[in-house]
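Beneath this line is the structure, given in structure tokens, with notes to follow.
The values are calculated or read from the model by the stated rules, or taken from the named source; none is laboratory data. Note that the coordinates shown come from a computational prediction; the quantities given were computed from them, not determined experimentally. Cβ: placed from backbone, ideal geometry, glycine included. Neighbour counts: every protein chain shown.
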Amino acid sequence: MVKKLVAGNWKMHGVSSDVAEIRAIAEGSRQYPSVDVALCLPSILIHRAVEAVPGFAIGGQDVHHAEKGAHTGCTSAQMLEDSGARLTIVGHSERRDAQRESDDEVRAKAEAALGIGLDVILCCGESLDVREGGTAVETVLTQLEGSLPPALAGGAELAIAYEPIWAIGTGKIPSIAEIAEMHAAIRGKLQERFGAAGIQLRILYGGSVKASNAAEIFRIENVDGALVGGASLKAADFLPIVAAAGL
């Protein structure tokens with residue numbers, strides 16, 4: 001049985017005074033040893049968080065594909081690792097949309113992070129227009145196909161986060177059947193690309209995950225955890241989701 005992963009994405013939230021909340025989440029997570037828990041923070045908080053909660057998984061929200069160079073405002077995989085990060089998100093819909101990131105760029109970022117030993121959560125998802133148009137599965141699999149690294153190498157872990165764009169921060173989520181269909185399709189794509197190893201890769205669900213719906217979502221086949229946005233900012237909201245993953 002695959003151990004579930006619950007990762008929080010703080011997005012553009014968090015300053016020094018919020019380290020206390022990070023500490024509360026880390027300490028509370030110790031009650032659930034059957035669940036892997038991580039927080040992906042703004043880059044300015046990573047080092048402080050690592051020092052505040054040694055042993056707890058802290059990650060970044062993006063990474064540049066280049067080792068170094070003239071890339072103003074970007075953060076390399078080596079920089080993340082040096083700050084103490086153990087993982088990073090790549091390909092989040094908010095970057096694919098606002099920063100116009102292509103599948104090729106997302107794949108290069110994933111390869112750079114995995115190559116240096118950082119775990120990667122690679123995001124994919126569809127818009128409401130695509131969902132209503134009936135091509136959600138086809139669209140997500142095409143996006144995933146273009147974003148996946150060609151092979152798994154080294155000891156770092158790749159996880160996939162399915163995040164329907166129309167559900168992020170809206171309080172709306174797909175039906176249980178729709179989530180099950182998408183996760184099964186993603187599992188098939190991972191097996192097609194990576195063979196038997198694709199069975200073990202974790203597939204997370206993201207998009208308005210909260211304490212009231214987490215347990216039901218985690219019972220769906222091929223849902224191996226969650227990538228949580230707004231509900232990860234406070235221990236009081238996040239820890240019940242972690243608890244649900246441990247049921």
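Under the condition of being in contact with an Asp or Glu (Cβ under 7 Å, 6 or more places away or on another chain) and assigned to a helix (DSSP H, G or I), which residue from the stretch 141-171 is surrounded by the fewest Cβ atoms within 10 Å (Cβ to Cβ)?
Only one residue tops the list, namely 146.
Do the conditions hold for residue 125, that is, is it at pLDDT below 95 and either among the hydrophobic types (A, V, I, L, M, F, W, C) or in contact with a helix residue (DSSP H, G or I) (Cβ under 7 Å, 6 or more places away or on another chain) (or both)?
Considered against the rule, which asks whether it is at pLDDT below 95 and either among the hydrophobic types (A, V, I, L, M, F, W, C) or in contact with a helix residue (DSSP H, G or I) (Cβ under 7 Å, 6 or more places away or on another chain) (or both), residue 125 comes out as no.
For the stretch 194-227, what are the residues that are modelled with pLDDT of 95 or more, on the phi > 0 side of the Ramachandran plot and part of a loop (DSSP other than H, G, I, E, B)?
Across the stretch 194-227, the qualifying residues are 195, 222.
Among the residues of the stretch 44-65, which ones are surrounded by fewer than 17 Cβ atoms within 10 Å (Cβ to Cβ) and either touching a Pro at 6+ places or on another chain (Cβ under 7 Å) or at negative phi (or both)?
At the first step, the residues of the stretch 44-65 found to be surrounded by fewer than 17 Cβ atoms within 10 Å (Cβ to Cβ) are 44, 47, 51-52, 54-55.
Residues satisfying the conditions are 44, 47, 51, 52, 54.
Being touching a residue at least 24 places away in the same chain (Cβ under 8 Å), under 15 Å from residue 5 (Cα atoms), of a type in the set (A, V, I, L, M, F, W, C) and in contact with a helix residue (DSSP H, G or I) (Cβ under 9 Å, 6 or more places away or on another chain) narrows it down to one residue among 217, 179; which is it?
217
Would you check which residues across the stretch 4-35 are of a type in the set (Lys, Arg), under 20 Å from residue 204 (Cα atoms) and part of a loop (DSSP other than H, G, I, E, B) and list them? Break it down into steps so the answer makes sense when it comes.
Filtering the stretch 4-35 down to residues of a type in the set (Lys, Arg) leaves 4, 11, 23, 30.
If we keep only those that are under 20 Å from residue 204 (Cα atoms) as well, we get 4, 11.
Once the filter is applied, which keeps residues that are of a type in the set (Lys, Arg), under 20 Å from residue 204 (Cα atoms) and part of a loop (DSSP other than H, G, I, E, B), the stretch 4-35 yields only 11.
Please work out which one of (1) part of a loop (DSSP other than H, G, I, E, B); (2) within 18 Å of residue 26 (Cβ to Cβ); (3) not charged (D, E, K, R) is the condition residue 239 fails and give its number.
Residue 239 satisfies every listed condition except (1).
Could you grab the pairs with beta carbons closer than 7 Å, sequence gap of 6+ or different chains, first residue in the stretch 137-151 and of a type in the set (Asp, Glu), second one in a helix (DSSP H, G or I)?
Within 7 Å, the pairs are 145/189.
Please find, within the stretch 66-78, the residue that is surrounded by the fewest Cβ atoms within 10 Å (Cβ to Cβ) out of those that are touching a Gly at 6+ places or on another chain (Cβ under 9 Å) and not in a loop (DSSP other than H, G, I, E, B).
Among those residues, the one meeting the criterion is 76.
Taking residue 114, is it farther than 21 Å from residue 14 by Cα, of a type outside the set (Val, Ile, Thr) and either under 13 Å from the mean Cα position of the chain (by Cα) or assigned to a strand (DSSP E or B) (or both)?
Details: farther than 21 Å from residue 14 by Cα: yes; of a type outside the set (Val, Ile, Thr): yes; either under 13 Å from the mean Cα position of the chain (by Cα) or assigned to a strand (DSSP E or B) (or both): no.
No; evaluated as a whole, the condition is false for this residue.
Out of the residues in the stretch 81-130 that are hydroxyl-bearing (Ser, Thr, Tyr) and buried (at least 17 other Cβ atoms within 10 Å of the Cβ), which is farthest from residue 204 (Cα to Cα)?
Residues of the stretch 81-130 that are hydroxyl-bearing (Ser, Thr, Tyr), as a first pass: 83, 88, 93, 102, 127.
Those left that are additionally buried (at least 17 other Cβ atoms within 10 Å of the Cβ): 83, 88, 93.
Numbers: 83: 25, 88: 14, 93: 15 Å.
For the stretch 81-130, the residue satisfying everything is 83.
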